[in-house]
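To start, the structure under review is shown below, and the notes come after it.
The values are calculated or read from the model by the stated rules, or taken from the named source; none is laboratory data. This structure is a prediction, so every number in the text was calculated from the model and none was measured. Cβ coordinates were reconstructed from backbone atoms using ideal geometry, including for glycine residues, and neighbour counts include every protein chain displayed. Note: areas computed on protein heavy atoms with side chains; ligands, DNA, RNA excluded. Shrake-Rupley method; radii C 1.70, N 1.55, O 1.52, S 1.80 Å.
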Amino acid sequence: FGGEVERGLSMVDGVVLLGGCGVPSYDWDQLAELLPDLVLIRLDRPGLMGSPWPGELPRLAAEVDTLVALLESAGPAVVVAHSMAGFHAEALARQRPDLLVGLVLADSSVEFPQRRPWPRRRWRWLAELVRKAMVVPPFRAPGSLVQRLLFAAQSHHRFTEPVSPLVRETFRDPDTIASVLAEQAAYPEQAWDLAQVRKGFAWPQIPTIVLTA
């Protein structure tokens, strides 16, 4: 974070951290170390870090409802959203700006779909099939391998870099892999749904910072 962002965050007590598709809450650990005086809430969506995958593709409206319930309980906060979670944070900001003190979009996804995508129900079946298959221990190892490939492809890290036991354990969990597949499949429709939200709700007057690589 740069100096201006740090000064902005220093004015509040609570920050909600939203990871992108398949990003567990522990990926915010280094950031948390830089903000020891703030109350940080790191959200794991269903399927990550021990919670069960609900057996469906996530919808934008449901993700916003979760954030509304969280912030109504915890109180207004700065929301930091990474990658696909930017869809959720923007929809929240437009519909319930009273729940946000400020918004930080960290390399947020940006899409301007021209038409509604076809429903991807087969991806839900695939996610369910993979989850059932990964109950058999030998089928779990490829999960962490795929995570390393995707991580290397989307960052400056190399595939050969070592990963922690926590990462291996996380991505050998059947519900985690099912959740990642479901979120990937839901991406186009969530982008479309956000485009519809933009038509009905103007951008609110809340402090907003966009960080992009």
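Across segment 81-99, what is the total count of residues that are under 10 Å from the mean Cα position of the chain (by Cα) and at pLDDT 95 or above?
Residues in segment 81-99 being under 10 Å from the mean Cα position of the chain (by Cα) and at pLDDT 95 or above: 8 in total.
Considering only residues that are at pLDDT 70 or above and more than 13 Å from M49 (Cα to Cα), which ones fall in segment 162-179?
Within segment 162-179, V163, S164, P165 qualify.
Of the conditions (1) out of contact with any Pro (no Cβ under 6 Å at 6 or more places or on another chain); (2) at pLDDT 85 or above; (3) not in a loop (DSSP other than H, G, I, E, B), A191 clears all except one; give me its number.
Answer for A191: the failing condition is (1).
Checking V5 against (1) at pLDDT below 90; (2) more than 29 Å from R168 (Cα to Cα); (3) within 16 Å of the chain's Cα centre (by Cα), only one condition comes out false. Which one?
(3)
Output yes when any residue across segment 50-57 is surrounded by fewer than 16 Cβ atoms within 10 Å (Cβ to Cβ), in contact with a Pro (Cβ under 8 Å, 6 or more places away or on another chain) and free of Cβ contacts under 8 Å to residues at least 60 places away in the same chain, and no when none is.
yes
Restricting attention to segment 78-116, report how many residues are touching an Asp or Glu at 6+ places or on another chain (Cβ under 9 Å), small (G, A, S) and either open to solvent by 10 Å² or more (accessible area, probe 1.4 Å) or within 14 Å of A195 (Cβ to Cβ) (or both).
Looking only at that region, the number is 4.
Give me a count of the residues in segment 117-156 that are closer than 25 Å to L194 by Cβ, open to solvent by less than 100 Å² (accessible area, probe 1.4 Å) and modelled with pLDDT of 80 or more.
Initially, segment 117-156 is screened for residues closer than 25 Å to L194 by Cβ, giving 117-124, 126-127, 150, 153-155.
The next check asks that each one be open to solvent by less than 100 Å² (accessible area, probe 1.4 Å); those that pass are 117, 119-120, 123-124, 126-127, 150, 153, 155.
Filter once more, so that each one left must be modelled with pLDDT of 80 or more: 117, 120, 123-124, 126-127.
Looking only at that region, the number is 6.
Go through the residues of segment 28-44 one by one and say whether even a single one is at positive phi and either open to solvent by 70 Å² or more (accessible area, probe 1.4 Å) or touching a residue at least 12 places away in the same chain (Cβ under 8 Å) (or both).
no
Might you check whether a residue that is part of a helix (DSSP H, G or I) and over 14 Å from G47 (Cα atoms) occurs anywhere in segment 170-181? Explain how you work it out, then say what you get.
Filtering segment 170-181 down to residues part of a helix (DSSP H, G or I) leaves 170, 174-181.
Next, from what is left, pick out any that are over 14 Å from G47 (Cα atoms): none.
Scanning segment 170-181 turns up no residue that is part of a helix (DSSP H, G or I) and over 14 Å from G47 (Cα atoms).
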